[in-house]
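What follows is one structure encoded as structure tokens, with my remarks underneath.
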Amino acid sequence: MNAVATPETIAAGASQMPAAAENGRKIGDVALDIQNISLRFGGVKALTDISFDVREHEIRSIIGPNGAGKSSMLNCINGVYTPTEGSITFRGKTFSHMNSRQVAEMGVARTFQNLALFKGMSVLDNIMTGRNLKIKSNLLLQALRWGPAEREEIRHREFVERIIDFLEIQAHRKTPVGQLPYGLQKRVDLGRALAMEPQVLLLDEPMAGMNVEEKQDMSRFILDVNDEFGTTIVLIEHDMGVVMDISDRVVVLDYGKKIGDGTPEEVRNNEDVISAYLGTSH
């Protein structure tokens, strides 16, 4: 079973962060099983009969051209969309639809292609919003910061501080997020998702708009989250170099249909994928 991120593991990960491949990761049983998912908006077919699985502790990438249905697939997994057909099984529990809160409570966190951060709030406070589901005190006690509520808030803030250390953004902890460079905002978005202590982390183009150095940093953090915390990761990314380097398996979508599925090497040599997406290298 996956190890869930704790303050202690985050603290350890901040000082010792080897790449996953160097530690002999063991891929486990199926954690997430997507079966025959179709999604329609009126007469428009966004997804057609998509099936694939995600195994414990793996990095599972979803690739394809713009409009292939990648983000729609993540939206079905985390409860934003209700599939027209099909089912999703998460650790033995099968559902045709759950809302986003229920999915989050089951241990699935999500980042978004377009940042949805609170630009006027500090880095610390943005990441603290990821702890909302973990807070037990009622709103009145939180507002008064009285007794148990105050002690609980201190514990959550200590947890968030360790995430900040892990993501190497200590110098910006009190800075309003809107004042940060785009690459650091993406790191804060990842931190907020990590604050939920996810068992499965859905990343929607975490490196979009980044330069080469920022992509290298983000790739390192993704590998470390997967390796140090045992977090299963589902990744949408357009940078094929990144995908092929860090993924265990890759599923390929085109016009809402699955056209390839396998290891990076198998996908790289799939004629349908080459024709539809990767192209031929000369």
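The values are calculated or read from the model by the stated rules, or taken from the named source; none is laboratory data. The structure displayed is predicted, hence computed values, not measured ones. Glycine gets a Cβ as well: all are built from the backbone with ideal geometry, and neighbour counts include every protein chain shown.
Could you grab me the full set of residues in the stretch 221-258 that are over 17 Å from A208 (Cα atoms) and of a type in the set (F, W, Y)?
F229, Y255
Every residue, every condition in (1) of a type in the set (G, A, S); (2) farther than 22 Å from E161 by Cα, yes or no:
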position: L180; (1), (2): no, no
position: Q185; (1), (2): no, no
position: E197; (1), (2): no, no
position: E214; (1), (2): no, no
position: S219; (1), (2): yes, no
position: R249; (1), (2): no, yes
position: D272; (1), (2): no, yes
position: Y277; (1), (2): no, yes
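Take the stretch 134-184 and flag every residue that is modelled with pLDDT under 80 and touching a helix residue (DSSP H, G or I) at 6+ places or on another chain (Cβ under 6 Å).
First, pick out the residues of the stretch 134-184 that are modelled with pLDDT under 80: 134-153.
Residues satisfying the conditions are S137, L141, Q142, A149.
Of all residues in the stretch 47-73, which are over 14 Å from R249 (Cβ atoms) and surrounded by fewer than 23 Cβ atoms within 10 Å (Cβ to Cβ)?
Scanning the stretch 47-73 gives T48, D49, P65, N66, G67, S71, S72.
Yes/no per residue for (1) without any contact (Cβ under 8 Å) to a residue 40 or more places away in the chain; (2) farther than 30 Å from R131 by Cβ:
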site: E197; (1), (2): no, no
site: P206; (1), (2): no, no
site: V212; (1), (2): yes, yes
site: H238; (1), (2): no, yes
site: T263; (1), (2): yes, yes
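Cβ-Cβ distance below 8 Å, separation of 6 or more or different chains: which pairs start in the stretch 151-165 with a residue that is polar (S, T, N, Q) and end on one that is part of a helix (DSSP H, G or I)?
Note: no pairs meet the criteria.
Would you pick out the residues in the stretch 77-89 that are surrounded by 21 or more Cβ atoms within 10 Å (Cβ to Cβ) and outside any loop (DSSP other than H, G, I, E, B)?
Selection gives I77, I88.
What residue, among those in the stretch 35-55 that are among the aliphatic types (A, V, I, L, M) and modelled with pLDDT of 95 or more, is nearest to K258 (Cα to Cα)? Spell out how you get there, then give the answer.
The initial filter retains those residues of the stretch 35-55 that are among the aliphatic types (A, V, I, L, M), namely 37, 39, 44, 46-47, 50, 54.
Adding the requirement that they be modelled with pLDDT of 95 or more leaves 37, 39, 46-47, 50, 54.
On the way: I37: 11, L39: 13, A46: 12, L47: 9, I50: 6, V54: 15 Å.
Once the filter is applied, the top-ranked residue is I50.
Looking at the stretch 229-282, which of its residues are of a type in the set (F, W, Y) and modelled with pLDDT of 90 or more? Full working, then the answer.
Step one: of the stretch 229-282, the residues of a type in the set (F, W, Y) are 229, 255, 277.
Result: Y255, single match.
Okay, residues lined up against (1) within 30 Å of G43 (Cα to Cα); (2) of a type in the set (S, T, Y):
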| residue | (1), (2) |
| --- | --- |
| Q185 | no, no |
| D204 | yes, no |
| S219 | no, yes |
| N226 | no, no |
| V250 | yes, no |
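Is one or more of the residues making up the stretch 66-76 under 18 Å from L194 (Cβ atoms) and not in a loop (DSSP other than H, G, I, E, B)?
Yes, some residue in the stretch 66-76 is under 18 Å from L194 (Cβ atoms) and not in a loop (DSSP other than H, G, I, E, B).
Show me the helices (runs of 4 or more DSSP H) entirely contained within the stretch 172-282 in which 1 or more residues are basic (K, R), crowded, with 19+ Cβ neighbours inside 10 Å and in contact with a strand residue (DSSP E or B) (Cβ under 9 Å, 6 or more places away or on another chain).
Working: elements: 182-194, 212-228, 240-246, 264-268.
Of the helices (runs of 4 or more DSSP H) lying wholly inside the stretch 172-282, those with at least 1 residues that are basic (K, R), crowded, with 19+ Cβ neighbours inside 10 Å and in contact with a strand residue (DSSP E or B) (Cβ under 9 Å, 6 or more places away or on another chain) span 182-194.
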